[in-house]
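Report on the following structure.
The values are calculated or read from the model by the stated rules, or taken from the named source; none is laboratory data. Note that the structure is a prediction, hence the values are computed from the model and not measured. Positions of Cβ are backbone-derived with ideal geometry, glycine not excepted, and every protein chain shown enters the neighbour counts.
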Amino acid sequence: MTSTTTHDAIITPSPSSFTTPHQHDKRHYYLCGDKTLSWENEWYTAPFFISCRLSYDSAASTGPVNPPTGIYQDAPECKTILSSQLAQASSTIPATATSGQVVITTSISIFTSNDKTFASTILTTTTIPPTSLLSSTTNTVHATSTQSVSSISTLPGPTASLPASSITDPASINTCAGGWDWQDWGVVASLGSGIIVGGILWIIWGILRRKLPGIYAPRTWAVPLDSRPSKWTFLTFLLPFLNPPKQTHEGSSTLPVLYAGLTLSSLISLLALGGVLPMFLAGVPCLGETSPPNSLGGRLGTLTDLSLLRLLNALDPSPDSSVTTSTLNSIRVPVNPSKIRKIRSLSSTISPAISSARVRLIIILVILAILACGGGLFIIARTYYSLMRVKTKFENETCQGLEMVFMSAENVKGWKGMSEEGLRRWSKNWSNNSKSDNGEKEIDIVGLFAIPDTTELQEKVKERERVLEELEVAETNYISCFRLTQTASKSELVGHSSQEQSMLQPHISGFSTQPRPPVDFLGPRGLYRIHSVSHPESREKLNVPLPLNHPEVPTDSKFREINRDSVLFGGRFDIGQRIKMYNEGNWVVDPSPQSEETSPLDATPESSEEGPLEDVVPDLEQQASLPTISSPTSPGRPISPTSPQSPKIRAPARPRIPTRSSHRVSGEGSSPLAAYYKAIRDFRAKFKELNDEIEERQRNKFKEITSVDSTVKGWIVVGKGIRWLPFAELIEGYTREDIMWNNTGSNNQNDERKFWCKIAGLGAIFSIILIPFLGLTVGAAPGFSHYLGLMVPLAKSDGFASGVVEGLVPAVILATTISVIVYSTEYLSRRVKCISRSRQDSLAYKAVFYLLLFLTVIWTVLVVSLEYAVQGFASNVQQGRTVGDGAVFSTWFVFVLLLNLAFILPALHLLQGGKLFNYIKKKKSATTPRQRYRLHQQTSYSPAIAMIPCLIAVFYTSSLLFIFPLLALPIIVLLYLSFIANRYMIEYVFIDSSAGHSNTVLALWTIRRFGWTLSIQPLLYGFILLSRNEWAIGGISIGIAFITVLISEGLTELRYRERRKSDLSIKTQKALKEMEVMMRSDTNAIPSSSESSNTARPSRQSDLSIFNRITDLLPGYSRLPEDFPLPIETEIVNDLYQTESASYLKPSFSSSSSSAVIQDRNGDRYFTENLNSIRGLIYPLEMISPVPIIWLPNDKYGIAQGELYELGKYHNLIAIIDPSEQPQESKKKGYKGKERELSRLEAKQNFKKGGFQ
């Protein structure tokens, strides 16, 4: 019985540099005793090799080739082997009968080259173990014969059996799958950190989702009832793809993309795990057998042993490996040792470890081409078709084939100096001339709107918004001063707290225990009422005491007669109200505040023309018919802080009541109430002044665009087929909110070029930054630490720290880089002066797509491959092979990266850290209802951020999954959790800011690019095989990559080819060329006859608002038809001009209580909103914006109601009271009944009379 003894390889010394590098496909090997060793590097420059280079290279292609005897016998390794063999041979010769090694050298052929003779010999060695005859198990021994070319025909001395040489340094031993090394520790660290951090984020989100519905579920309360999602259930949350949302809104088009990515990854993952991975492992020796230990340090890990490198090394093992040595030294020994016969002759030294290795590579290529690429193309074609149906339905049904574009005045010079109405009439005439052969208009301009420069007007509108906010803060502080506190007994009054007492009035000890009231305090009317016995005092008291004296009701009366010719006749102005003459000769209210001389804050009651302070006890019947409204200026009817006169009431005698200005102010120091008085007075006056100024500027802007010599920034054009107009920029969102009015008139083409240059620079900077961190991933690679001493500790360690440094740290750095790149790209895209917000989102998304593809796939694999191949480049040996091995080696780091991101990225997307941080930061400072509403400001969908997990997963699926099949596990988890997160965010969080059409276009663009990325995997597979000189398989794989791209383009772009400008009729194209020539001309080329009927008419005065006067102000003015589909309405509520709608949009409101309110946004319920007047107008909001509505807080005792009445009655300012806090006591007293309804009706009548004035 014979058996084969396997000898471990001897490690070659470190390669030394030589002056003339020899280019060769594989290293030369020689035989020393029974060992196969690599040539020394200096032999390639020795005279014996240089003179016979071709002969040595030719012989090396068929087997080991020995240099001259004196050369290789002097090599340190060979000298050691020969000495050891001679020593063992002398000690084991007596035992050769039972155990020994027989070395036979047979001459094959002799050839001559360049006058030198070379002998080809066969060296065979047979080993007979001592226990082979006693073994009950028969081992099959293969006879192996090896051809060698040498300059001599005999070996020096006898050869004998050698014991297996051992490698004492464990850091140079490759680890097979099933072992434990630094790669396993890296996986544990990444998976553990991902689960812990991701789990914490998911738990936090689950808690906050219920506590903060304003941030995490705004679509459940901030949109109309028919647009609200179904009730959230845990089963629907876990299975998001079973019940897709029925409502189509912004972001919903990305769900098919996510589902396509999940389906595509599942298909390729199934093929990789079920078909490719078994071919890597079944019957294939591990890397510890096919890859030799490296004398320069470094080794291959357990995860690398589960990759394509295992099969490649089985096909082309290293000659220094144990598999190759065993193959070279083994032959089949018959029972009779004298009848040794040769079984086969190897065609080359590096024979496959398994005979089916090349066949397996071919099978993998077939699976990749037919099932992976073919199945992926089927998924892409189906998804693209479904998205095209959505796009076509939106364009034909929702938009009715109409579009919106912007044309900049910088490009359209021929339109300058023309009025809006003149251009509108000319465009209609032009549209009639651009008909197709069948008489249908291919281009039909329906509406045209000139956009002037509104920079100054916009600044005024922003200033008014700031003043409004300050006014609301002052009103809120004033109303909050009248809060109530609970008393200890029914008859005891409780004053301010110690802090409030120090602010209002110092406490004087030795007198009454009750604190003195502030002399400038003025409470609600009920506070001054003398209660009867049948109406005892309540347990709740104001936190300030009652005044010490109550003035008596006057018995006299004053008769005031008004001349019919007076401006006061008709009730337009109150007696004592400040008025002035306007420019046109009309009398208007003077909004300027009274000077300190006419209305000082410290005026005494005696100095007021109304006389002493008086209180009024209204009749019970009057209380039943009039609202019980408390004014901050008096205990009776409210009075303006800028008017010293009180309003008239229906009573036999008009009571004399004090004003804010007539109140006594303590000389010791002003209280907070005095400061609130002054702030309210100042901000009301400033607010009214800005309203008048803005209205005047709006009127001038409309007059400006009607002038023939007007200077405008551009034109908004609406119609059919207008995207083909020269210099037209499509407004992709199809909504008014999608237009960036500040960017009108800018040259966005130059900005877009600069943007892409910045993106390229950003990618280059982060590419350089990533190089050293990616170098950590190859710290333990063979030979890398020899050339970079910093990596020596990593190369010699297999512990947890090494796994963290080489795996987790680069993964965290790359993930951080991705985050910085995404948000930097978002910031840079906002700097591009596009006309459309959707265009900015599109630029950001495309930039993120390309940057992620380049950095996470192309750059990562390329850098790791080159760093891995440092030893090959340094020794100038097998550079291509080492680069290909490095590409495979990089997959273990990608595995660690995906394990870390799979649980964290979707949770971060759900948590909305930035929005949550802003909410916590501003929550304490939000005092007014408007500020609290803006805390829950809804965010719109950002595809650049939402699609990051999907893009990363699909990129790695389409590039590395067949090279390292275990990547399928984190990829599926990442895509699944990402689908869950995006489904929830789209259905419950994001509020539509555009029509969603731009996201559909981006989805089509993404699906088309997914077809391109499918070609990366066969391309990379082919390059790796080419590095192993597998020219046929590698070339076919690269060809499949190009075919995949062509088929993908045919199934997407060519199959659903959209109509282009070249497809228009010849007549229409000719008309477009004429229009382009006219637009490029510096002079006005439009006939002046079109302007003849457009002379401006003087506007007449009207009591209506500016929206009702537009028709008179603009001659020939015409808006879009009422049933015109554009611009599309969105779900965004502007709290400045839709304040009453916004007041009912609160997370605390249930669907039953607010659904009816939200449904009737344009009806009579919201009488403070008159947005119907701006329908059909596409102008900047500052040109058509009404006066903002003042939003007051609610209180229990009607202080805010008095402020509301006063603002409407005496200032013509519309105000509302926040409905979120309806007082319970007021409900019991009927406060919310008839009195509140009368107040609303009166305010509504004032609105209808005066509008937004």
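If I filter the range 743-753 down to residues being assigned to a helix (DSSP H, G or I) and touching a residue at least 40 places away in the same chain (Cβ under 8 Å), which single residue comes out as farthest from L852 (Cα to Cα)? Talk me through it step by step, then tell me what you get.
To start, the set of residues in the range 743-753 that are assigned to a helix (DSSP H, G or I) comprises 743, 748-753.
This time we only want the ones that are touching a residue at least 40 places away in the same chain (Cβ under 8 Å), so: 743, 748, 751-752.
Values: N743: 29, N748: 25, D751: 22, E752: 20 Å.
Among those residues, the one meeting the criterion is N743.
I'd like to check something: does the range 923-931 contain any residue that is buried (at least 16 other Cβ atoms within 10 Å of the Cβ) and closer than 26 Å to L843 by Cβ?
Checking the range 923-931: not a single residue is buried (at least 16 other Cβ atoms within 10 Å of the Cβ) and closer than 26 Å to L843 by Cβ.
Scan the strands (runs of 3 or more DSSP E) fully inside the range 390-490 and keep the ones with 3 or more residues being under 25 Å from E704 (Cα atoms).
Ranges flagged: 402-408, 444-452.
Report whether or not A944 is of a type in the set (G, A, S) and closer than 28 Å to V861 by Cβ. Reasoning before the result, please.
Values: of a type in the set (G, A, S): yes; closer than 28 Å to V861 by Cβ: yes.
In short, yes.
Quickly run through the range 270-281 and pick out the residues that are surrounded by fewer than 16 Cβ atoms within 10 Å (Cβ to Cβ) and in contact with a Lys or Arg (Cβ under 9 Å, 6 or more places away or on another chain).
Answer for the range 270-281, where residues must be surrounded by fewer than 16 Cβ atoms within 10 Å (Cβ to Cβ) and in contact with a Lys or Arg (Cβ under 9 Å, 6 or more places away or on another chain): just L281.
Which number in (1) touching a residue at least 40 places away in the same chain (Cβ under 8 Å); (2) in the same structural domain as T1000 (by TED's automatic domain parsing); (3) not charged (D, E, K, R) marks the one condition that G721 misses?
(2)
Residue check, L267 against (1) under 13 Å from L311 (Cβ atoms); (2) surrounded by fewer than 21 Cβ atoms within 10 Å (Cβ to Cβ); (3) in contact with a helix residue (DSSP H, G or I) (Cβ under 6 Å, 6 or more places away or on another chain), all met but one. Which one?
All conditions pass for L267, except number (1).
Condition check: out of contact with any Asp or Glu (no Cβ under 8 Å at 6 or more places or on another chain) and modelled with pLDDT of 90 or more. Does E421 satisfy that?
Values: out of contact with any Asp or Glu (no Cβ under 8 Å at 6 or more places or on another chain): yes; modelled with pLDDT of 90 or more: no.
When the stated conditions are applied, E421 does not pass them.
Could you run through the range 197-229 and say how many residues are assigned to a loop (DSSP other than H, G, I, E, B) and aliphatic (A, V, I, L, M)? I'd like the intermediate steps shown before the answer.
Pass one, the range 197-229, residues assigned to a loop (DSSP other than H, G, I, E, B): 212, 217, 221-224, 228-229.
Applying the additional criterion that residues be aliphatic (A, V, I, L, M) yields 212, 217, 222-223.
Of the residues in the range 197-229, 4 are assigned to a loop (DSSP other than H, G, I, E, B) and aliphatic (A, V, I, L, M).
Report, by residue number, each residue of the range 433-460 that is under 16 Å from L402 (Cβ atoms) and either of a type in the set (V, I, T) or surrounded by fewer than 16 Cβ atoms within 10 Å (Cβ to Cβ) (or both).
E440, I443, I445, V446
Starting from residues that are small (G, A, S) and farther than 30 Å from D1063 by Cα, keep the ones in the range 693-724 and report whichever is surrounded by the fewest Cβ atoms within 10 Å (Cβ to Cβ).
Out of the qualifying residues, it is S707.
Considering only the range 812-908, give the helices (runs of 4 or more DSSP H) lying wholly within it that have at least 2 residues that are of a type outside the set (G, A, S), at pLDDT below 95 and over 27 Å from the mean Cα position of the chain (by Cα). Walk me through how you get there before you give the answer.
Values: elements: 837-852, 860-868, 870-875, 879-889.
Here the list reads 860-868, 870-875, 879-889.
Evaluate the range 778-785: report whether one residue or more is hydroxyl-bearing (S, T, Y), within 24 Å of A811 (Cα to Cα) and at pLDDT below 90. Reasoning before the result, please.
Here is the first cut: in the range 778-785, the ones hydroxyl-bearing (S, T, Y) are 785.
With the extra rule that they be within 24 Å of A811 (Cα to Cα), the set shrinks to 785.
Those left that are additionally at pLDDT below 90: 785.
The answer is yes, given that some residue of the range 778-785 is hydroxyl-bearing (S, T, Y), within 24 Å of A811 (Cα to Cα) and at pLDDT below 90.
Hey, can you tell me all the residues within the range 1010-1054 that are under 17 Å from R358 (Cβ atoms), loosely packed, with under 14 Cβ neighbours inside 10 Å and either in contact with a Phe, Trp or Tyr (Cβ under 7 Å, 6 or more places away or on another chain) or of a type in the set (A, V, I, L, M, F, W, C) (or both)?
Passing the criteria: W1031, A1032.
Take the range 819-871 and flag every residue that is β-branched (V, I, T) and touching a residue at least 60 places away in the same chain (Cβ under 8 Å). Show your work before the answer.
So the first thing to find is which residues in the range 819-871 are β-branched (V, I, T), and the list is 820-822, 825, 832, 835, 848, 856-858, 860-861, 863-864, 870.
The answer is V822, T825, V832, I835, V848, T856, V857, T860, V861, V863, V864, V870.
Scan M985, M947 and give me the residue that is in contact with a His (Cβ under 9 Å, 6 or more places away or on another chain) and at pLDDT below 95.
M985
Would a scan of the range 234-248 turn up a residue that is assigned to a loop (DSSP other than H, G, I, E, B), surrounded by fewer than 21 Cβ atoms within 10 Å (Cβ to Cβ), among the hydroxyl-bearing types (S, T, Y) and touching a residue at least 12 places away in the same chain (Cβ under 8 Å)?
yes
This table checks each residue for (1) under 23 Å from F237 (Cα atoms); (2) buried (at least 24 other Cβ atoms within 10 Å of the Cβ); (3) assigned by TED's automatic domain parsing to the domain that holds F241; (4) not hydrophobic (A, V, I, L, M, F, W, C).
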{"residue": "Y933", "(1), (2), (3), (4)": "no, no, yes, yes"}
{"residue": "H936", "(1), (2), (3), (4)": "no, no, yes, yes"}
{"residue": "M947", "(1), (2), (3), (4)": "yes, yes, yes, no"}
{"residue": "I952", "(1), (2), (3), (4)": "yes, yes, yes, no"}
{"residue": "S958", "(1), (2), (3), (4)": "no, yes, yes, yes"}
{"residue": "F962", "(1), (2), (3), (4)": "no, yes, yes, no"}
{"residue": "L969", "(1), (2), (3), (4)": "yes, no, yes, no"}
{"residue": "L977", "(1), (2), (3), (4)": "yes, no, yes, no"}
{"residue": "N982", "(1), (2), (3), (4)": "yes, yes, yes, yes"}
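Looking only at the range 759-803, how many residues end up being of a type in the set (F, W, Y), closer than 19 Å to G886 by Cα and surrounded by fewer than 21 Cβ atoms within 10 Å (Cβ to Cβ)?
Residues that pass the stated criteria total 2.
Identify the single condition in (1) assigned to a helix (DSSP H, G or I); (2) touching a Pro at 6+ places or on another chain (Cβ under 7 Å) that Y1021 does not satisfy, given that it satisfies every other one.
Unmet condition: (2).
In this structure, does E1203 turn out to be at pLDDT 75 or above, touching a Pro at 6+ places or on another chain (Cβ under 7 Å) and not hydroxyl-bearing (S, T, Y)? Before the answer, list the steps.
Numbers: at pLDDT 75 or above: yes; touching a Pro at 6+ places or on another chain (Cβ under 7 Å): yes; not hydroxyl-bearing (S, T, Y): yes.
Yes; evaluated as a whole, the condition is true for this residue.
What pairs come out if I take residues in the range 922-940 that are within 21 Å of D1195 (Cβ to Cβ) and pair them with residues that are in a loop (DSSP other than H, G, I, E, B) and hydroxyl-bearing (S, T, Y) whose C-beta lies under 9 Å away, six or more apart or interchain?
P929/S1220; Q931/S925; R932/S1220
Within the range 909-929, which residues are aliphatic (A, V, I, L, M) and assigned to a helix (DSSP H, G or I)?
If the condition is that a residue be aliphatic (A, V, I, L, M) and assigned to a helix (DSSP H, G or I), then L910, L911, L916, I920 are the ones that fit.
Residues that are modelled with pLDDT of 50 or more, more than 19 Å from L296 (Cα to Cα) and of a type in the set (S, T, N, Q): which helices (runs of 4 or more DSSP H) entirely in the range 1-77 hold 2 or more of them?
Those helices (runs of 4 or more DSSP H) span 53-60.
Pairs, please: C-beta under 8 Å, at least 6 apart or cross-chain, first residue assigned by TED's automatic domain parsing to the domain that holds G884 and in the range 1018-1032, second buried (at least 23 other Cβ atoms within 10 Å of the Cβ) and of a type in the set (F, W, Y)?
Once the first residue is assigned by TED's automatic domain parsing to the domain that holds G884 and sits in the range 1018-1032, its partners that are buried (at least 23 other Cβ atoms within 10 Å of the Cβ) and of a type in the set (F, W, Y) give Y1021/F962.
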